[in-house]
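Visitor: Before we start, here is the structure in question, set down as structure tokens.
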Amino acid sequence: MSVFLLFICFQSFSQTQTCPANINFATGDLTHWYAYTGNNMDGHGADAIIQIYDSTTTAPRGTIGTKTITEYRLPTYKGIEVITSNGTDPFGLFPTIPTINGYAYNYSILLGSTAITRGNGSPGSGGGYYRGVSYNIRVPPGPATEPYTMTYAYAMVLENGTHISDYQPIISATLQTPAGIILCASPSYYLPTFNNVDISGRGATLDSAAAKANGFKVSNTRSPNLDPDPNGGGSFLQDVWTKNWTEVTFDLSPYRGQNVSLTFEADNCIPGGHFAYAYIAIRNSCAGLQISGDSLVCFNTIVTYSVPALDGATYDWIVPDTWTLASGTNSNIIQVKPIAAGGILSVREKNSCANLTDTIQIKTLPGPKGGNVDGSTTVCEGNNNSILNLMNYSGTIFNWMVSTDSLNWSVIPDITSQYQAENISSKTLYKVVVGKGTVCPPDTSSVATIAVDLKSIGGFINPTNAILCAGQDAGETLSLSGYNGDILDWQYSTDGFNWNDYVPADNAPENIVKGITSTTEFRSIDKNGVCPADTSSVASITFNPIAYPKATTAPADTTICYGTIALLNANIEIGTSYTWNPASNGAGAIGSIPFSFVKQVSPDSSVNYVLSILNKGCPNPLLDTFQINVLPPVIVNAGNDTSVVVGEPLQFGATSSDPGTDNFTWTPSTELNDPSIYDPLAVYTVNDNVIKYTVKAVTPAGCSGEGYITVKVFKTKPDIFVPNAFTPGTAINPIFRPIAVGISSLDYFRIYNRLGQLVYSTSRLGSGWDGLLNGLPQPLGGYVWMVKGTDYNGNTITKKGTMVLIR
């Protein structure tokens, strides 16, 4: 890729170390700079320059006093602009005027914009915007051993054009001397691709790994220009890449007394549809290498020092032996941790552009020590206070800090070593910021935590009132709810004033009360953390001297088969009446004691029968539950009724709905080889006619069910008989079907109308046609049928014929 270079004569300066006038844009304009704009339809180079802005004249054709220059033939877009007030780039989010490791640039220049051509180029209809600035430097005379350096910083934004690499948007810097271009000071930047474009010159894949290795990263901000690809759907692509500020330096001392030119250029892609722009800032110091970083630092803290980068350079940093290195030394940036004694830091950077050195004397100060905050505790919400003390610190207290989540901290404007925290309602953290002067960074103390326990809440006991009769062994369950904290114990009182603890303590939320002989009140004591204990509501249990009902019942629960009965037995020793639930099971008065009865029930499904017994004068019933589990009915399928012929074997196969292993019994056992299995085999003789079998299945639980099958025995050979007519919709012959004798399976039975259309088909024995097609009655007349079946010996029987549908 070629870069167009310019040589223009400007005023020269006699001072050996003085920088050229306005080299850093300090006048706020482009004075002494040469500028140009154009269109790179024919590539990068001299032919792309169309509009020139001379450094010896004023606007509109010169740069003297000129702050901005618009894009070529696009007066609403600034193509070149001097920046004197700092801002933030919308894509890279970096500052538009940089501060790099302590060195603050005051001005910069924006070269390029987000404008694209896509047909606005001239001449022609393609090509991108092309813009550049150049300064001719008259290197002051002097000894070649005395460095004369130029240092610039750059940041850039490039839109990926997906072209071949040489056609991508590009940012370049060029240093040309009488001896030629100095390559190490003349970098160029573009987004490299794998050059795999389509026939239209688009679609190349970005070499993102190479771009990232060169310091680029993709922006979260989408391009302001629509995707030019007609298949792209008119979207705004997220394919803009940025490179943050980087410094470059070079030494011009070999060219004392000569002219050199420094050119910066920003060019859109050659097709024109993707943009490029860069920020350029230049130091106003030419007196050799300068280490950036503080000369007065706090010891035992990591400090960063740097020098402007040299392309392909080696770096040799020398630090005092007692200091700690926190990074490598072969870089333009180094991190060190000085000790209490200061020292000298020096560096040499060397490449084909320069061989420069610099030294900086560093003094150190002791840093502050945050110490630790004493007083972590737990308090009860509401009115509370805690004293916090800062211990073992060194320096000046700047302020206290407070947080409720350990992430977001607020300043407490208190500079004393003791702080009183009051009325804390939730967990709160405290720390102290301690400083010492303006050189050392402040230090932060350890964190003290004040935890907060919610107030104890006694809760509510349910039921609030109950009655216990004499001998009521089941008792009354008191349940505590709505409490906060731990249950320390339950208490009881017979007078409402003097309360007694349970021994041992009862910490459960439920308390079963029984065995009382007088009316008694109950409550619980609850305590949460450090908060005072609280008392629950009071429940009162009234003692009734009337005896509680008493009875013995059996069984507690039972399982029965469907359709069988269960016997519920009760022997009532104390009681005057009883009822059942469901109520349909009856109720009655109890005359003499003891009173016994047996209840016979036969439910269809599982059910609970509850016997309730009352003793007159005691309001509490004795409830006893009989749980009856009814097993599902056993459904037995013996198979479909069938027809066989003499001497032909018939294989039975009964099934049961019970998932277990059932026992089967067939009756009668006529001709069956084994009537005690589910699948016996039968061979019939001329003495057999019609036999109806019953098969009974008995489950492992003892439940049973029955199924039935009828077998007709024909004295003929196996055959399939088909009627010659049928009358659908009537009581006689409403279904047209084959009569299979001795047939084990039906391959097909098909019926066709006179047009050859299939109107019915089945392969199921016993099924037939009802005279309908798609729900519509078919016309009377003749129909053709075909049938094929297989007998029990495996022989195939095939027949066809006609029949008449009569209505």
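Visitor: What is the residue count in the stretch 594-606 for residues that are open to solvent by 80 Å² or more (accessible area, probe 1.4 Å) and β-branched (Val, Ile, Thr)?
Guide: Total meeting the criteria: 1.
Visitor: Let me ask another. Give me the strands (runs of 3 or more DSSP E) completely within the stretch 625-720, filtered to those with at least 1 residues that are out of contact with any helix residue (DSSP H, G or I) (no Cβ under 6 Å at 6 or more places or on another chain) and under 25 Å from SER767 (Cα atoms), ordered by residue number. Lay out the reasoning, then the answer.
Guide: Working: elements: 642-645, 649-651, 663-667, 681-683, 690-698, 704-714.
The qualifying strands (runs of 3 or more DSSP E) are 642-645, 649-651, 681-683, 690-698, 704-714.
Visitor: Could I ask something else about it? Looking at SER406, SER327, can you tell me which residue is open to solvent by less than 70 Å² (accessible area, probe 1.4 Å), polar (S, T, N, Q), farther than 30 Å from ILE182 by Cβ and in a loop (DSSP other than H, G, I, E, B)?
Guide: Numbers: SER327 fails: farther than 30 Å from ILE182 by Cβ.
Testing whether each residue is open to solvent by less than 70 Å² (accessible area, probe 1.4 Å), polar (S, T, N, Q), farther than 30 Å from ILE182 by Cβ and in a loop (DSSP other than H, G, I, E, B) leaves just SER406.
Visitor: Right, something else. Among the residues of the stretch 495-521 satisfying the criterion of being more than 51 Å from the chain's Cα centre (by Cα) and of a type in the set (Asp, Glu), which is surrounded by the most Cβ atoms within 10 Å (Cβ to Cβ)?
Guide: Ranking the candidates gives GLU521 first.
Visitor: Could you tell me which numbered condition VAL530 fails, if it satisfies all but one of (1) aliphatic (A, V, I, L, M); (2) open to solvent by 30 Å² or more (accessible area, probe 1.4 Å); (3) over 30 Å from THR377 (Cα atoms)?
Guide: (3)
Visitor: A further question on this structure: In this structure, does ALA26 turn out to be small (Gly, Ala, Ser) and more than 22 Å from TYR72 (Cβ to Cβ)?
Guide: On the way: small (Gly, Ala, Ser): yes; more than 22 Å from TYR72 (Cβ to Cβ): yes.
So ALA26 passes the test.
Visitor: Do we have any residue at all in the stretch 708-725 that's over 20 Å from ASP791 (Cα atoms), open to solvent by 50 Å² or more (accessible area, probe 1.4 Å) and small (Gly, Ala, Ser)?
Guide: no
Visitor: State the number of residues belonging to the stretch 391-402 that are of a type in the set (A, V, I, L, M) and under 17 Å from GLY367 (Cα atoms). Write out each step before concluding.
Guide: If we filter the stretch 391-402 for residues that are of a type in the set (A, V, I, L, M), which is where we start, we get 391, 397, 401-402.
Now drop any that are not under 17 Å from GLY367 (Cα atoms), which leaves 391, 397.
Residues flagged as of a type in the set (A, V, I, L, M) and under 17 Å from GLY367 (Cα atoms) within the stretch 391-402 amount to 2.
Visitor: Right, another one. Quick check on LEU614: is it without any contact (Cβ under 8 Å) to a residue 24 or more places away in the chain, open to solvent by 50 Å² or more (accessible area, probe 1.4 Å), of a type in the set (A, V, I, L, M, F, W, C) and touching a strand residue (DSSP E or B) at 6+ places or on another chain (Cβ under 6 Å)? Steps first, please.
Guide: Details: without any contact (Cβ under 8 Å) to a residue 24 or more places away in the chain: no; open to solvent by 50 Å² or more (accessible area, probe 1.4 Å): yes; of a type in the set (A, V, I, L, M, F, W, C): yes; touching a strand residue (DSSP E or B) at 6+ places or on another chain (Cβ under 6 Å): yes.
Here the answer is no, as LEU614 does not meet what is asked.
Visitor: Now, a different point. With closer than 23 Å to LEU468 by Cα and under 57 Å from the mean Cα position of the chain (by Cα) as the only criterion, which of TYR492, TYR578, TYR562, TYR548 stands out? Walk me through how you get there before you give the answer.
Guide: Details: TYR578 fails: under 57 Å from the mean Cα position of the chain (by Cα); TYR562 fails: closer than 23 Å to LEU468 by Cα; TYR548 fails: under 57 Å from the mean Cα position of the chain (by Cα).
Only one candidate passes the filter, namely TYR492.
Visitor: Are there any pairs with C-beta distances below 6 angstrom linking a residue in the stretch 165-179 that is of a type outside the set (Gly, Ala, Ser) and open to solvent by less than 10 Å² (accessible area, probe 1.4 Å) to a residue that is part of a helix (DSSP H, G or I) and at pLDDT 95 or above, with the two at least 6 apart or on different chains, and if so which?
Guide: none
Visitor: Okay, next question. Do we have GLY142 as part of a loop (DSSP other than H, G, I, E, B) and either within 22 Å of GLN176 (Cα to Cα) or open to solvent by 10 Å² or more (accessible area, probe 1.4 Å) (or both) here?
Guide: Values: part of a loop (DSSP other than H, G, I, E, B): yes; either within 22 Å of GLN176 (Cα to Cα) or open to solvent by 10 Å² or more (accessible area, probe 1.4 Å) (or both): yes.
When the stated conditions are applied, GLY142 passes them.
Visitor: Another question about this same structure. Of all residues in the stretch 721-760 being in contact with a Ser or Thr (Cβ under 8 Å, 6 or more places away or on another chain) and part of a loop (DSSP other than H, G, I, E, B), which is nearest to VAL683 (Cα to Cα)?
Guide: Looking only at the stretch 721-760, we keep the residues that are in contact with a Ser or Thr (Cβ under 8 Å, 6 or more places away or on another chain), and these are 724, 733-734, 737, 739-751.
Pick out the ones that are also part of a loop (DSSP other than H, G, I, E, B) and you get 724, 733-734, 737, 742.
Numbers: ASN724: 31, ASN733: 31, PRO734: 33, ARG737: 26, GLY742: 11 Å.
Per the stated criteria, the residue is GLY742.
Visitor: Name the residues in the stretch 383-401 that are touching a Gly at 6+ places or on another chain (Cβ under 7 Å) and open to solvent by 30 Å² or more (accessible area, probe 1.4 Å), would you? So that I can check it myself, show each step before the final result.
Guide: Going through the stretch 383-401, the residues touching a Gly at 6+ places or on another chain (Cβ under 7 Å) turn out to be 386-393, 395-396, 398.
Of everything in the stretch 383-401, those that are touching a Gly at 6+ places or on another chain (Cβ under 7 Å) and open to solvent by 30 Å² or more (accessible area, probe 1.4 Å) turn out to be ILE387, ASN389, MET391, ASN392, TYR393, GLY395, THR396, PHE398.
Visitor: Only one of (1) part of a loop (DSSP other than H, G, I, E, B); (2) among the hydroxyl-bearing types (Ser, Thr, Tyr); (3) closer than 30 Å to GLY529 by Cβ fails for SER386. Which number is that?
Guide: Answer for SER386: the failing condition is (1).
Visitor: Could you tell me which of the residues ASN399, ASN389 is more than 42 Å from the chain's Cα centre (by Cα), among the polar types (S, T, N, Q) and more than 30 Å from THR329 (Cβ to Cβ)? Walk me through how you get there before you give the answer.
Guide: On the way: ASN399 fails: more than 42 Å from the chain's Cα centre (by Cα).
Answer to the selection: ASN389.
Visitor: Please pick out the residue among THR56, THR76, THR31, THR96 that is exposed (fewer than 15 other Cβ atoms within 10 Å of the Cβ), in contact with a Gly (Cβ under 7 Å, 6 or more places away or on another chain) and more than 20 Å from CYS269 (Cα to Cα). Explain how you work it out, then say what you get.
Guide: Values: THR76 fails: in contact with a Gly (Cβ under 7 Å, 6 or more places away or on another chain); THR31 fails: exposed (fewer than 15 other Cβ atoms within 10 Å of the Cβ); THR96 fails: exposed (fewer than 15 other Cβ atoms within 10 Å of the Cβ).
Sole residue among the options that is exposed (fewer than 15 other Cβ atoms within 10 Å of the Cβ), in contact with a Gly (Cβ under 7 Å, 6 or more places away or on another chain) and more than 20 Å from CYS269 (Cα to Cα): THR56.
Visitor: From the set of residues in the stretch 748-795 that are of a type in the set (Ser, Thr, Tyr), surrounded by fewer than 17 Cβ atoms within 10 Å (Cβ to Cβ) and touching a residue at least 40 places away in the same chain (Cβ under 8 Å), which is farthest from ILE735 (Cα to Cα)?
Guide: THR790
Visitor: Evaluate the following for GLY482: is it within 45 Å of the chain's Cα centre (by Cα) and open to solvent by less than 70 Å² (accessible area, probe 1.4 Å)? Show your work before the answer.
Guide: On the way: within 45 Å of the chain's Cα centre (by Cα): yes; open to solvent by less than 70 Å² (accessible area, probe 1.4 Å): yes.
Criteria met by GLY482.
Visitor: Give the stretch 34-48 a look and list any residue that's in contact (Cβ under 8 Å) with a residue 24 or more places away in the chain and either open to solvent by less than 30 Å² (accessible area, probe 1.4 Å) or not aliphatic (A, V, I, L, M) (or both), or say none. If you could, list the steps in order and put the result at the bottom.
Guide: Taking the stretch 34-48 as the starting set, the residues that turn out to be in contact (Cβ under 8 Å) with a residue 24 or more places away in the chain are 34-46, 48.
Within the stretch 34-48, TYR34, ALA35, TYR36, THR37, GLY38, ASN39, ASN40, ASP42, GLY43, HIS44, GLY45, ALA48 qualify.
The values are calculated or read from the model by the stated rules, or taken from the named source; none is laboratory data. Source: prediction; values computed, not measured. Please note: Cβ atoms are built from the backbone with ideal geometry, for glycine as well, and neighbour counts cover all protein chains shown. Ligands, DNA and RNA are stripped out before the accessible areas are found, and what is left, the full protein with its side chains, is counted by its heavy atoms. Shrake-Rupley method; radii C 1.70, N 1.55, O 1.52, S 1.80 Å.
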